[in-house]
Structure formats: structure tokens, C-alpha cells
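J.: Dropping the structure in here first, questions after.
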Amino acid sequence: MNTDHPKDNSALRVQKGIEHPDSVNPEAVSRLMKARKSGPSVDAYVHEITAGNIMLLSKAITLIESARPEHHAIAQQIIEKCLPFTGNSYRIGITGVPGVGKSTFIEALGTQLTASGKKVAVLAIDPSSQRTKGSILGDKTRMESLANDPNAFIRPSPSAGTLGGVARKTHESIILCEAAGFDTILVETVGVGQSEVAVHSMVDFFLLLQLAGAGDELQGIKRGIMEMADAIVINKAEGENLNRAELAKREYANALHLFPKPESEWLPRVDVCSAQSGYRIQEVWDMITDYFSATRQNGYFKKKRTDQARHIMHQTIQAALGDLFYQNEALRPMVRELEAQIHNDRISAYNAAGKLMEAFIAQIRK
């Protein structure tokens, strides 16, 4: 239809309209994108974290876990400014073999604590694949009730296969959770390998969960882990398994008496519980608070915190030196060449490492 024809008798007309401006201001979009790219300032992070803003707390922990140097620099500034608001929590490590019920126990204990008015943060170190570096990060699914509790915060973090990295990043996350007002920090380990050592180096109280009726009780655990434990709790003590749990309790208690007296002067205790039914969860918490009362009175609590801070300092130095070495672009061709020589049995790994260290030191001195 030709709408411009003067003799057109149609009632329909298409008039030339007024040109409307864009519904979105390009300058406003540009400012918004810049703000999103730069993110909140360090002071904004600190203000919001100390005010209990969980979203900003999560973002700050993401900066801690990031491998990007600029994120790491921002995270360190946030941590430094949050330090005056920290140090007033119970830091509790919880470990045990897979299937012992760590997540169920943490949820039972956590919900009981939040019901009594406490604020609980759970830092769950999830296993990372050594092959793909991927993690399941499923603790929020396993702890559904606690995850929906307004007085709880659950943060699963990939272990990424590096114990030193786990210790440093989790310790920094603990600091931010304390600054956000959480008075009880529960750190769950992967329960395999040497991750227990890393977690033990950053908590005040180390709880080992065990199972009864799974064969010889004392064969399923290394002596080193038992020596680290401040308490051993036999989980799943319900039904027909209750008697077996009580028997296992006596066996562990007898074994612990053979160990040297710990520096804390606290004699590790053994108890039973059922995380599923809530049986003796309160008694386990009473035992934990007894430990804190005793170690604060004898001065061990403060000494352990100081020793841990010193340990973290040395770990941070080692990690920083490793980063300096592996991020040195000039050394990469030499690394590849020596790797090829090792593959062809032309040089030993020790000799190759020595050559690389000499080259690295020479690069630093330039």
C-alpha cells in the first residue's frame, strides 16, 4: 500500500514519527561496566565484611583463591585491614576417613550452635582432581539445613592438590570469617593423605571422627593423626552399632594413654555420638569448650596461635619463592630442556634442579 498517494481512500495512515532516544544511556552503561570490572574498593570490602555482608565476604574469599596476582594483592590488603577485627573465634578442625559422616556431624553440631545464638562458618576443603584440578564442591548440598540457616556460612574450597596453598588460603579465609562476626569456624578436611597436617596447623582444636565395627579399630588410623587429635569421637553410635561404638571408645582411650603428654597439658578425650539422631552432640561440644577453657587458663591457646602465625609466615615465603621461580619467563626454555634431558636419562633430577637454581639466583641478582 502506497501511503503517500493523495487519492488513497484508506483510513490507515503511516505518519513519520518522532525519533526516540535510546532507552539505555551509553555513558551510564560504560560507568557501570567500569565499576563491575574494577569491583568494590578495599575499604568497601572491609566495611561490608565487618558489617556481616555475606556476599562481599564470599567475593573476598574468591579473591583469596584466585591465581591472578592482582586479585592476590587486593586480597592481602583486605586481610591486613580486617586483622583488628579477628581472633575471637573457636577454630575447630574436623577430619576422618571418607564415609565417617563428617558433613552430617558438622550440620548437626552447626545447627545446634546456631540455635543457641552462635554464628558458624564452615570452610570445607573439597578434594581436587590431580588430573583435571576440578572439585565436586558439594558440601552445600550435603548440609542443606545448615546452608539455609541465616547464622551459618558454608564455603567449599578446592584443595587444588597443594597442602601449602590449602593452609595459607584457608587461614586467610578464617580471618575474613572472624571479621564478619562468625564466632565458631569449622574446617572440614578431605580426610585423605596429609591434608590433616595442613588443617591442624591453622585450628585451635582438632577433632578426629571414627567409625566402629569396621574391623580392627586401631588399624584404620595412623599414629601421627591420633597424636594430633585433641579428641576422638566415634560417630554413628546408634541401634545395634552403639555397643560396638562403646567398645571402640574404650580401645581408643587405652591407646591414647600410651602417648606422651601433649604440650597443651590436655589429655585427649574419646566419646561417641550419632550425628544422624543428635545423640551426644551437646556432650561433644561441652568437651570442646572444656578444652578452650583449660588451654586459655594455662596460656597454651595464645602460644599455639602465635606458633601458627609464624608457621604461616614461613609457608608464605616458600610459596612466594615458588611463584617467582615458575613465573620466570627466561627460565622456561631451560626448564623444558632439562626435563627432556631427564626423560632421556642424560641428567639426574637433582643435578637439573641445581642448575635451575643457579640460573634462578643469577636472574635475581641481575
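J.: Exactly one condition in (1) small (Gly, Ala, Ser); (2) outside the structural domain of LYS119 (by TED's automatic domain parsing); (3) out of contact with any helix residue (DSSP H, G or I) (no Cβ under 8 Å at 6 or more places or on another chain) is false for GLY99; which is it?
T.: With (1) small (Gly, Ala, Ser); (2) outside the structural domain of LYS119 (by TED's automatic domain parsing); (3) out of contact with any helix residue (DSSP H, G or I) (no Cβ under 8 Å at 6 or more places or on another chain) applied to GLY99, the lone miss is (2).
J.: Every residue in the stretch 301-357 that is assigned to a loop (DSSP other than H, G, I, E, B) and either acidic (Asp, Glu) or under 30 Å from GLU80 (Cβ atoms) (or both), please.
T.: Matches in the stretch 301-357: GLN327, ASN328, ASP345.
J.: Can you list residue pairs whose Cβ atoms sit under 8 Å apart, with the first residue in the stretch 269-284 being in contact (Cβ under 8 Å) with a residue 24 or more places away in the chain and closer than 13 Å to GLN210 by Cα and the second being among the polar types (S, T, N, Q) and not in a strand (DSSP E or B)? Count only pairs 6 or more apart in sequence or on different chains.
T.: ALA275/THR104
J.: Quick check, is ASP271 of a type outside the set (Phe, Trp, Tyr), at pLDDT 95 or above and closer than 26 Å to HIS314 by Cβ?
T.: no
J.: Output the residue which, of all residues in the stretch 127-150 that are at pLDDT 60 or above and in contact with a Gly (Cβ under 8 Å, 6 or more places away or on another chain), is farthest from GLY52 (Cα to Cα).
T.: MET143
J.: Which condition breaks for GLU263 when tested against (1) assigned to a strand (DSSP E or B); (2) more than 25 Å from LEU113 (Cβ to Cβ)?
T.: GLU263 satisfies every listed condition except (1).
J.: If the Cβ limit is 7 Å and pairs must be 6+ apart or interchain, which residue in the stretch 73-102 that is touching a residue at least 60 places away in the same chain (Cβ under 8 Å) and among the basic types (Lys, Arg) pairs with which residue that is surrounded by 15 or more Cβ atoms within 10 Å (Cβ to Cβ) and in a helix (DSSP H, G or I)?
T.: Note: pairs meeting the criteria are ARG91/ILE174.
J.: Something else about it: Just name the residue that is surrounded by the fewest Cβ atoms within 10 Å (Cβ to Cβ) out of those in the stretch 290-319 that are free of Cβ contacts under 8 Å to residues at least 40 places away in the same chain and within 27 Å of ALA108 (Cβ to Cβ).
T.: So the residue we want is SER293.
J.: Here's something else I'd like to know. Inside the stretch 307-336, can you point out the residues that are within 26 Å of the chain's Cα centre (by Cα) and either on the phi > 0 side of the Ramachandran plot or among the basic types (Lys, Arg) (or both)?
T.: ARG310
J.: Return a yes/no flag: does the stretch 268-290 have any residue that is within 22 Å of VAL197 (Cα to Cα), outside the structural domain of LEU211 (by TED's automatic domain parsing) and within 25 Å of the chain's Cα centre (by Cα).
T.: Within the stretch 268-290, not a single residue is within 22 Å of VAL197 (Cα to Cα), outside the structural domain of LEU211 (by TED's automatic domain parsing) and within 25 Å of the chain's Cα centre (by Cα).
J.: Turning to a different aspect of this structure: Among the residues of the stretch 228-250, count how many are without any contact (Cβ under 8 Å) to a residue 60 or more places away in the chain, of a type in the set (Asp, Glu) and in contact with a strand residue (DSSP E or B) (Cβ under 9 Å, 6 or more places away or on another chain).
T.: Qualifying residue count, the stretch 228-250: 2.
J.: Provide a single number: the residues in the stretch 68-121 that are assigned to a helix (DSSP H, G or I) and β-branched (Val, Ile, Thr).
T.: Looking only at that region, the number is 7.
The values are calculated or read from the model by the stated rules, or taken from the named source; none is laboratory data. Please read these numbers as outputs of a predicted model, since none were measured by experiment. Note: ideal-geometry Cβ built from the backbone for every residue, glycine included; neighbour counts use all protein chains shown.
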